[in-house]
1. Among (1) in contact with an Asp or Glu (Cβ under 7 Å, 6 or more places away or on another chain); (2) more than 20 Å from GLU161 (Cβ to Cβ), which single condition is ARG67 missing?
2. Could we say that GLY21 is within 24 Å of the chain's Cα centre (by Cα) and small (Gly, Ala, Ser) here?
3. What pairs come up if the first residue lies in the stretch 261-275 and is assigned by TED's automatic domain parsing to the domain that holds TYR251, the second is surrounded by fewer than 17 Cβ atoms within 10 Å (Cβ to Cβ) and small (Gly, Ala, Ser), and their beta carbons are under 9 Å apart, counting only those six or more places apart or on different chains?
4. Name the single residue, out of those in the stretch 32-64 being of a type in the set (Lys, Arg) and not in a loop (DSSP other than H, G, I, E, B), that is nearest to VAL81 (Cα to Cα).
5. Does the stretch 144-154 include one or more residues that are outside any loop (DSSP other than H, G, I, E, B) and surrounded by 14 or more Cβ atoms within 10 Å (Cβ to Cβ)?
6. Among (1) surrounded by fewer than 21 Cβ atoms within 10 Å (Cβ to Cβ); (2) touching a helix residue (DSSP H, G or I) at 6+ places or on another chain (Cβ under 8 Å); (3) in a loop (DSSP other than H, G, I, E, B); (4) in contact (Cβ under 8 Å) with a residue 24 or more places away in the chain, there is one condition PRO198 misses while meeting the rest; what is its number?
7. Kindly establish whether THR48 is β-branched (Val, Ile, Thr) and farther than 22 Å from ALA177 by Cβ.
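The values are calculated or read from the model by the stated rules, or taken from the named source; none is laboratory data. Since we're looking at a predicted model, the values are computed, not measured. Cβ placement follows ideal geometry from the backbone for every residue including glycine, while neighbour counts extend to all protein chains displayed.
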Amino acid sequence: MATPGETCVLIPTLNEATTIGSVVDGFREAGFARVLVVDGRSDDDTVTVAREHGAEVILQTGVGKGRAVREGLDAVEAPYVLLVDGDGTYLPADAPRMVAPLDSTAEHVVGDRFADLQPGAMTRLNQVGNRLINRVFATIHGEDFGDILSGYRAFTRDSTERMHLVADGFGIETELAVECVRHGVPVEVVGVTYRERPDDSETNLRPVRDGAVILSTLYRLAKTTNPLVYFGLLGLVSGLVSVVVGGFVVYEWFANHVPHLVLAMVAAFGLLFGVQLLTFGVLSEMIIRLYP
């Protein structure tokens, strides 16, 4: 079982000067002496405040939360990592429960924000988007991790070394969840409190843009974990387009006696391509199931 003394708290930040001090203090008071802040070159006093409160700070070389997490993992030497946002929305008091299952029942722990979602902590749009993304994830990957977009996670350092993480932005949480499924990493969900951001703290999240990125990440990663969904969806789109085009060709032939030979060829090619994609998806699915 992991303990606070064996755990490094990893905090990616960008312009979190108003909250990072209290966040670092909270985790140090909870017994987590090692706090690593990976800063995305904030233009406020985030770095200064974090260092004043006892955190180690490194400046990331790239841009985005995902890049910050990956560079932070390269710098961490502790056997356990507690990943948390620096905006003060998560409680340090929940941290001991987050790390407790590590190495005993799980190698990766997800903090479920919906277990105790405080008023004003998440807009209605974000709640709907989160529910949708979690449902899509469960459908594609066959696992329900409760809240795959949670920024509060605990995991063993060894488990991340088996993962192939490439996301630069907010898709990092989704990628972590998918990689857990892909590599059979035992996951446990722990309910946590999620609070509203302080009034003078601005979010770096853009719901529509980042939601689209997350959904595209889910779809892209399905290629290796659920190829039937990945190739099947492409085949379905191709087939539907061919049916629409073919229907137009048939209508024009019987109604106006116009052949539209080129469009007929396009429709036939689209249908054939769609069937081939679906077949490829089925075969890939069989290979993955037989040779995991």
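1. Unmet condition: (2).
2. Criteria not met by GLY21.
3. Short answer, once both residue conditions are applied: ALA267/GLY247.
4. ARG34
5. yes
6. (2)
7. In short, yes.
Results for (1) surrounded by fewer than 19 Cβ atoms within 10 Å (Cβ to Cβ); (2) at pLDDT 90 or above, shown as yes or no for each residue.
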site: THR89; (1), (2): no, yes
site: PRO96; (1), (2): yes, yes
site: ASP103; (1), (2): yes, no
site: ARG113; (1), (2): no, yes
site: GLN118; (1), (2): yes, yes
site: ALA121; (1), (2): yes, no
site: GLN127; (1), (2): yes, no
site: ASN130; (1), (2): no, no
site: THR139; (1), (2): yes, no
